[in-house]
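Before anything else, here's the structure in question.
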Amino acid sequence: MAGQLTLIVVCVTLVHVAMGACKFPPPFSNFTMQGYTGLWYELGKVQTAGGAFFEKDCVCTTIDVEPVAGSTSGDASAANSCRKLSPTGEFLKTTGSLTDQVSPGKWKEGFFFLAPKVDYTVIYLDDEFAIEYDCSTLIGLYTNYCIHIMARHPQADPQRIQELLSFAEGLGLNTANLDFQHTRQDGCW
């Protein structure tokens, strides 16, 4: 029994090392909360299986970011919404709390009272596009991360999406070399 447990721990550790631990990119240098506030449409993502739990089979994915009223520490909420790709088109919404801001554009995000918080960083932001990277390591062994490419409109030029993805991958954030998944936004609005 002890030998089997040791083998499992070694295997999980090797998977973790192969995937790499969380990266800690700096937030976008010109980040402003005013620029990030409001509704964003997810154009696509690079996401590990653990991070995909909420978004499995989702289309029409959005995030609506709002500062917490009266907060002097940069706290905000991030309401994540999508429709399930199913005959019923079930609508899902969960709101994360962006707290413990390290610097503008870099927080801890929590969804549930006892759930571990993830590192949440806006690595790119302009008037039309944003890239957000979030990551956590479970019990020091399993890394979950996501790179979200977002826009103020549900559609964007594919070349621009590729440029944004290349920017994020140039930071070494896609440690497991996962494929980019386009988020369906047509027929949603």
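Could you put 72, 48 in order of accessible surface area, largest first, with the 1.4 Å probe and the full protein assembly present?
Most to least solvent-accessible, the answer reads 72, 48.
Can you list residues whose amide H is under 5 Å from residue 95's amide H, if they're 5+ apart or on another chain and H is modeled 1.01 Å from N?
80
State to the nearest 20 debye the size of the charge dipole of the chain about its Cα centre, where the only charges are +1 on K and R beta carbons and -1 on D and E beta carbons. Can you show the working numbers first?
Numbers: 12 positive and 20 negative charges, 90 e Å.
The dipole of the chain has a size of about 440 debye.
I'd like the distance between the alpha-carbon centres of the range 32-87 and the range 137-183, rounded to an integer number of Å.
A separation of 14 Å, based on Cα centres.
What distance in nm lies between label points placed 7 Å from Cα along the C-beta direction at residue 94 and residue 175?
With each label placed 7 Å out from Cα toward Cβ, I get 2.1 nm.
Of the lysine pairs in the chain, how many meet both conditions: Cα atoms under 19 Å apart, and a spacing of 8 or more in sequence or different chains?
Total qualifying Lys-Lys pairs in the chain comes to 14.
Please sort 144-151, 128-135 by packing, taking for each peptide the average over its residues of neighbouring beta carbons within 10 angstrom, highest first.
Details: 144-151: 23.6, 128-135: 21.8.
Final packing ranking: 144-151, 128-135.
Beyond 24 Å, what percent of the Cα pairs of the chain remain?
40 percent
Here is a follow-up. Among the chymotrypsin sites (Phe, Trp or Tyr not before Pro) within the range 72-128, which fall in a DSSP loop and have no more than 12 other Cβ atoms within 10 Å of their own Cβ? Please list the in-between numbers first.
Values: sites: 91, 107, 111, 112, 113, 120, 124; in loops: 111, 112, 113.
Filter output for the range 72-128: 112, 113.
At 1.4 Å probe size, with no ligands or nucleic acids counted, give the accessible surface of residue 39 in Å², nearest ten.
About 70 Å², rounded to the nearest 10.
Moving on. Using a 1.4 angstrom probe and counting only protein chains, how large is the accessible area of residue 32 in Å², to 10?
70 Å²
Need the full-extension length gain, residue 127 to residue 142, defined as separation in residues times 0.36 nm minus the C-alpha distance. One decimal, nm.
Value of the extension gain: 1.9 nm.
Further, regarding this structure: Provide the per residue accessible area, probe 1.4 Å, for the chain, rounded to a whole number of square angstrom. Can you show the working numbers first?
Numbers: 10330 Å² over 189 residues.
About 55 Å² of surface per residue is accessible.
Another one. Quantify, in whole percent, the carbon and sulfur part of the accessible surface of the chain (1.4 Å probe; protein heavy atoms only).
Values: 6300 of 10330 Å².
For the chain, the apolar C and S fraction of the accessible surface comes to 61 percent.
Put +1 on the Cβ of each Lys and Arg and -1 on the Cβ of each Asp and Glu in the range 79-127; which of 125, 86, 102 then has its Cα farthest toward the positive end of the dipole?
Highest projection toward the positive end goes to 86.
Taking the Cα atoms of the range 69-174 alone, what are Rg (to one decimal) and Dmax (as a whole number) in Å?
That works out to 15.3, 44 Å for Rg and Dmax.
The values are calculated or read from the model by the stated rules, or taken from the named source; none is laboratory data. Keep in mind that this is a model prediction, so the values were computed, not measured. Neighbour counts run over all protein chains shown; Cβ positions are idealised from the backbone, glycine included. The area values use the complete protein model at the heavy-atom level, side chains included, leaving out ligands, DNA and RNA. Shrake-Rupley method; radii C 1.70, N 1.55, O 1.52, S 1.80 Å.
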